[in-house]
Amino acid sequence: MDHLAALLGRRLDRVTDGPEGLLLHFDGLPPLRPEAVDHRLVLSPATPAPSATSIPGHPLAAFLGERVTGVRPVRRRSTGREVGGELRFPSGAVRLLAATDGLRCEAEPFATAPDLVTAAGPGLDEHGFFVREGSLRRVQPGYAPVVAAARERVAAAFGPERLHSAYLYGSIPRGAAVPGVSDLDLLIALHGEPTPADRQRADALEAELDAAFPQLNGAGVLLFGAAGLLSERERYDLGWFLACLCTPLLGPDLAEHLPRYRPTSLLARETNGDLALALPGWRERLAGADGAGLAALGRGASRRLVRTGLTLVMDRWGGWTSDLEASAAVIGHYYPGRADQFALAARTARTPAATDRAEMAVLIEDLAPWLAAEYESVHGRKAPRPRPAPVREATPADLPLLQDVERAAGRPFRDLDMAAIADDEPFTLTELGRYQRAGLAWVAVDPDDPDGRPVAYLVAEPADGALHIEQVSVHPDHARRGIGRVLIEHAAARATALGLPALTLTTFAEVPWNAPYYRRCGFRVLDEAALGPDLRRIRAAERAHGLDRWPRVTMRRALESPGGAHRERS
């Protein structure tokens, strides 16, 4: 399609006819003569004769003064052979087709045989869905050892208790890496939300891989909980990123649980509709950055500007590319007044060591605010993400409120015909006080509540050499926000600080927000024969209380030492 690609973003000024045949006049280009050559459409520069006249009735004449917003090849479905091209304008589309009797031009609705189909744009399949852009088969030979080492070291660093799956993204899986320029980009999905210990391991992994391979210009590891990647709030942001831009490296592919994606305005809004939030930080960094700091800012900010510019226009363009220069060119067709700035951003992102402070000031102070405003005007603002609930130690004044949280958390059991559990009395104030005085009671508070009232709590006690979670409850009004996970990770950090190797708990096996949820948090079921005396005592008390009317299990999650190694395998 190179013969039509130059028309993208050009305004159609005239359509003329004369001795030399039909000519198309686009702004900034010489007149072009469309011809059928070997049953293929070809556009050739031509010099119009003085006698050339406009053709008001030509199908293209309806689009005079409009710019070309899309260019697609037209092929025969039966043979795959290209026979012409389709030009899209804001108000419609025209096909230019090579035929045995010469050139044929027709506007929508197209009346040609159904054997003729318009191909999808770059990066999309024939139905207009994103095609996963990377593949392990595309990795260049010089980077094969890098990928092999990444696979081995990720598995060793996180282990099966924490690691759900790992992915590559960026230039290496696209086969476009440049030695000494490209970095290694990894996304790691974990059982449960990332902890400080996970981040510590990821930082060590980045340093190890960067030091081991001179062809790398750094390594970066993104950490997410697998459940969060699949959550509804991330469906059109991180979910799309994983399903379309990440290449599976280890573990089951989460993309199998995500939808297929098209380049829509909704996708644009949820991926980059929050650019304005980055601007204060960029300005602050620019004010004090030099050397490596300026280069890092140039690379990160410029990449985001180009990516945001592309998602701004991708629904109009109908395609996708991760190539920075190609992205800048596409954006420039739709916003010619900003073309030079996007080209500058692409160059800066590609060669960050040469970042110029004055040029970065132009990008941050001029291009970025314009882009944020234009983006919000076209696609809207990204849906806000809930703020994390702060966790603190429980106080004596909290204890009656924890009873209220527990009563509310029990209500959903009634919908499962477990009324006895729904009506079960919470811990007494004396029992809660015992956990609170031991420093093993924590509450999560509503970040929007100025009084900091608890909306969830967790209490625990040592048992069989581990930290046993006796109760974790979240008020239903604050459910499905990750608060339970935050409390569990807080307990895990406390257990690690106390030198305890694991968390344990008992729970209902078939209640969706019990055992299945804890499995996603990294817990595994323990056989009854593996229970120590404390856990056997706890289970006996539960049976005496009548809890075994429904299947219950004991679960354990192995923790890690502060240095990052697993203390034990469960």
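The values are calculated or read from the model by the stated rules, or taken from the named source; none is laboratory data. Since we're looking at a predicted model, the values are computed, not measured. No Cβ is skipped: glycine too gets one built from the backbone with ideal geometry, and neighbour counts run over all protein chains shown. To get the accessible areas, we keep the full protein, side chains included, count just its heavy atoms, and leave off ligands, DNA and RNA. Shrake-Rupley method; radii C 1.70, N 1.55, O 1.52, S 1.80 Å.
The table below lists the values:
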{"read-out": "ARG381 versus ASP356: modelled label distance in nm, points set 7 Å from Cα along the beta carbon direction", "value": "3.5 nm"}
{"read-out": "Accessible area per residue in Å² at 1.4 Å probe, computed on the chain", "value": "45 Å²"}
{"read-out": "GLU461-ALA493 FRET efficiency (beta carbon distance; Förster radius 22 Å; 0.05 resolution)", "value": "0.85"}
{"read-out": "Solvent-accessible ranking of THR430, THR348, largest area first, probe 1.4 Å", "value": "THR430, THR348"}
{"read-out": "Extension gain, ARG480 back to GLU374 (0.36 nm per residue minus Cα-Cα distance, nm)", "value": "34.9 nm"}
{"read-out": "Among beta bridges that DSSP assigns inside the chain, antiparallel share in %, nearest 5", "value": "90 percent"}
{"read-out": "Relative contact order computed over the chain (Cα-Cα under 8 Å; 6+ residues apart), in percent", "value": "9 percent"}
{"read-out": "Listed residues SER54, HIS545, GLY142: farthest to the positive end of the dipole of the chain (Cβ charges)", "value": "GLY142"}
{"read-out": "Unit charges on C-beta of K, R, D, E only; dipole of the range 472-522, Debye", "value": "140 debye"}
{"read-out": "Contour excess over end-to-end distance, with Cα ends at ARG434 and ALA99 and 0.36 nm allotted per residue", "value": "111.9 nm"}
{"read-out": "The range 121-206: GluC sites (Glu not before Pro) in DSSP coil with no more than 13 other Cβ atoms inside 10 Å", "value": "GLU126"}
{"read-out": "Charge dipole (the range 468-532, unit charges on Cβ, about Cα centre) - positive-most of ALA493, LEU505, LEU526", "value": "ALA493"}
{"read-out": "Within-15-Å neighbourhood charge of ALA463 [Cβ basis; K, R +1; D, E -1]", "value": "+2"}
{"read-out": "Rg(Cα)/(2.2 N^0.38 Å) for the chain, N = residue count", "value": "1.23"}
{"read-out": "Estimated FRET transfer efficiency when R0 is 51 angstrom, pair ARG151-ALA62 (beta carbons, to 0.05)", "value": "0.35"}
{"read-out": "Net charge dipole size for the range 194-273 [Lys, Arg +1 and Asp, Glu -1 on Cβ; Debye, nearest 20]", "value": "340 debye"}
{"read-out": "Carbon and sulfur %, accessible surface of the chain computed with the full protein complex present, 1.4 Å", "value": "53 percent"}
{"read-out": "Angle between the chain longest axis and helix 196-212 axis [Cα atoms, degrees, rounded to 10]", "value": "50 degrees"}
{"read-out": "Electrostatic dipole magnitude of the chain [Cβ: Lys, Arg +1; Asp, Glu -1; Cα centre; debye, to 20]", "value": "640 debye"}
{"read-out": "Ordering of 262-269, 336-343, 453-460, 288-295 by packing [mean C-beta count within 10 Å, highest first]", "value": "453-460, 262-269, 336-343, 288-295"}
{"read-out": "Rounded FRET efficiency, nearest 0.05, which uses the C-beta distance separating ARG199 from THR395 and R0 of 35 Å", "value": "0.75"}
{"read-out": "Expected 222 nm ellipticity per residue - DSSP helices of 4 or more, -39500 (n - 2.57), all of the chain, to 500", "value": "-10000 deg cm²/dmol"}
